[in-house]
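K.L.:
Handing you a structure now.
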Amino acid sequence: SGHWHDSTCDATAPTHDVMKSDFAAHTFDEGEVTKPADYGVVGEKKFTCTKCGYEKTETIDALGAKDNEIKNAEGKTLGKEYDGEVLAITKDDFVIEGNRVPTIMFKAKGADDNTYTATAPNKVSEYTVKVSVAATAEWKSATKTFDFAITPMVISVDWEKPYDNSNILTGEPAELLKGDEAMITVTMESANVGEAVQSFEITGKDAGNYSLAIENINVDIVKADIVDFTISNADAFNNLVIGAQ
């Protein structure tokens, strides 16, 4: 706790061997860091008395973990138009302090939290993605959810049908993806040539993956060709006159 001068008395004198003079408390310098503190690591600092050179070591508190927030990376959007492929969301879609690898889970929007799964969706609907990172010495753990949607594929219809006295046309979308099942039914205002589209419907188990607007339906009923015909009184023309009509 301090420094002093030992007595110069005869060391054999039992009453004098512990005598001291000029006792004073140590006067320490500002100290020197011998082991820097870090996140989760206790540091050390050495202090030296400027009068007698006595040294002492004290600990430096470890740095506390910092708060952090998971954010969307600039220019990144999570949703997409339906293309039949699983939605690809990776750590590059987010800003995560400490470059930590997140755990990414998905569920249908509004569903219970116990329905989260690691399997990314590929069907048209609204979803929630949960992004979580574990704590490190430097950063606290963090979790954040983001809502996104897979929107229907926009399609169109460009059909031509010879007149057959029916005002209903059916067919698969030209853009129908392999493995999907969908059928378009278009109803015309009448079965006559040149009529306009009255209404339409998309049906089938994958119909929700496709979007069609009536203004994007181009259907023409055209004149039918007469392929074959029979003259009922053909026998009356056995004897034809050249030049007759």
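The values are calculated or read from the model by the stated rules, or taken from the named source; none is laboratory data. Quick caveat, the model's predicted, so the values are computed rather than measured. Ideal geometry is used to build each Cβ from the backbone, glycine not excepted, and the neighbour counts take in all protein chains shown. These accessible areas exclude ligands, DNA and RNA; they are computed on the full protein's heavy atoms, side chains included. Shrake-Rupley method; radii C 1.70, N 1.55, O 1.52, S 1.80 Å.
K.L.:
With viscosity set to 0.890 mPa s at 25 °C, what whole-number translational diffusion coefficient in µm²/s follows for region 92-156 from Stokes-Einstein and a Kirkwood radius over Cα pairs?
P.N.:
Details: Rh = 13.3 Å.
Rounded to a whole number, D works out at 184 µm²/s.
K.L.:
Report the trypsin sites (Lys or Arg not before Pro) located in region 71-110 that are in a DSSP loop and have at most 14 other Cβ atoms inside 10 Å of their Cβ, or state none. Spell out each step's value before the answer.
P.N.:
Working: sites: 71, 76, 80, 91, 100, 107, 109; in loops: 76, 100, 109.
Answer in residue order: 76, 109.
K.L.:
Given just the C-alpha atoms of region 1-141, how large is their convex hull per residue in cubic angstrom?
P.N.:
Numbers: hull volume 26.1 nm³, N = 141.
It is 185 Å³ per residue.
K.L.:
Suppose we keep just the alpha-carbon trace of region 74-183; what are its Rg and Dmax in angstrom?
P.N.:
Every Cα atom of region 74-183 included, Rg and Dmax give 20.5, 77 Å.
K.L.:
With every protein chain left in place and a probe of 1.4 Å, what is the accessible surface of residue 229, to the nearest 10 Å²?
P.N.:
Accessible area of residue 229: about 150 Å².
K.L.:
For 49, 9, write out the residues from largest to smallest accessible area, computed with a 1.4 angstrom probe and no ligands counted. Can you show the working numbers first?
P.N.:
On the way: 49 5, 9 60 Å².
From most accessible down to least: 9, 49.
K.L.:
What are the ³J(HN,Hα) couplings of region 57-66, residue after residue, when phi is run through the Karplus curve with 6.51, -1.76, 1.60 and θ = phi - 60°? Round to Hz, x for glycine and proline.
P.N.:
Taking θ as phi minus 60°, the curve returns 10, 10, 7, 10, 4, 5, 6, x, 4, 8 Hz for region 57-66.
K.L.:
Tell me the GluC sites (Glu not before Pro) within region 133-186 that lie in a loop according to DSSP and have at most 14 other beta-carbon atoms within 10 Å. Mind showing how you got there, number by number?
P.N.:
Values: sites: 138, 160, 175, 181; in loops: 138, 175, 181.
Within region 133-186, the qualifying GluC sites (Glu not before Pro) (loop, at most 14 other Cβ atoms within 10 Å) are 175, 181.
K.L.:
Now for a separate question. Starting from 0 in steps of 10 Å, tell me what percent of the Cα-Cα pairs of region 116-244 lands in each bin.
P.N.:
Binned Cα distances yield the sequence 10, 24, 18, 14, 12, 9, 5, 3, 2, 1, 1.
K.L.:
Name the long-range amide H neighbours of residue 195: under 5 Å, sequence gap of 5 or more, or other chain; modelled H, no Pro or chain starts.
P.N.:
Distant-sequence amide H within range of residue 195: 221.
K.L.:
Here's a follow-up. Through the Karplus equation 6.51 cos²θ - 1.76 cosθ + 1.60, θ set to phi - 60°, convert the phi angles of region 149-155 into ³J(HN,Hα) values in whole Hz; use x for Gly and Pro.
P.N.:
Using θ = phi - 60°, the values come out as 9, 9, 8, x, 6, 7, 10 Hz.
K.L.:
Sticking with this one: Would you mind checking which residues have amide H under 5 Å from residue 78's amide H? H placed 1.01 Å from N; only 5 or more apart, or other chain.
P.N.:
none
K.L.:
Okay, moving on. Rolling a 1.4 angstrom probe over the protein chains, ignoring ligands and nucleic acids, what is the accessible area of residue 232 in square angstrom, nearest 10?
P.N.:
My reading of the accessible area for residue 232 is about 120 Å².
K.L.:
Please list 5, 26 from largest to smallest accessible area, probe radius 1.4 Å, with all protein chains kept in place.
P.N.:
Working: 5 110, 26 30 Å².
If we order 5, 26 from most to least accessible, we get 5, 26.
K.L.:
Any idea how far the Cα center of region 30-77 sits from the one of region 111-139, in Å?
P.N.:
Going from one Cα centre to the other spans 35 Å.
K.L.:
Something else now. Take the alpha carbon atoms of region 56-98, find their radius of gyration, then divide it by 2.2 N^0.38 Å using N residues; give the quotient. Can you show the working numbers first?
P.N.:
Details: Rg = 19.6 Å, N = 43, 2.2 N^0.38 = 9.2 Å.
That works out to 2.13 for region 56-98.
K.L.:
What Kirkwood hydrodynamic radius, in Å, does the chain give when the mean of 1/r is taken over all pairs of distinct Cα atoms and then inverted?
P.N.:
So the Kirkwood estimate lands at 27.5 Å.
K.L.:
Out of residues 5 or more away from residue 40 or on other chains, whose amide H comes under 5 Å of its own, with H placed 1.01 Å from N in the peptide plane?
P.N.:
63
K.L.:
Related question: Across region 31-43, in residue order, what do the Karplus-derived ³J(HN,Hα) couplings come to in whole Hz, using 6.51 cos²θ - 1.76 cosθ + 1.60 with θ = phi - 60° and x for Gly and Pro?
P.N.:
For region 31-43, the Karplus-derived couplings read x, 10, 6, 9, 8, x, 6, 9, 5, x, 10, 6, x Hz, x marking Gly and Pro.
K.L.:
Starting from the 7 Å offset along Cα-to-Cβ, what nm value, one decimal, do you get for the label separation of residue 4 and residue 216?
P.N.:
Rounded to a tenth, the inter-label distance reads 9.6 nm.
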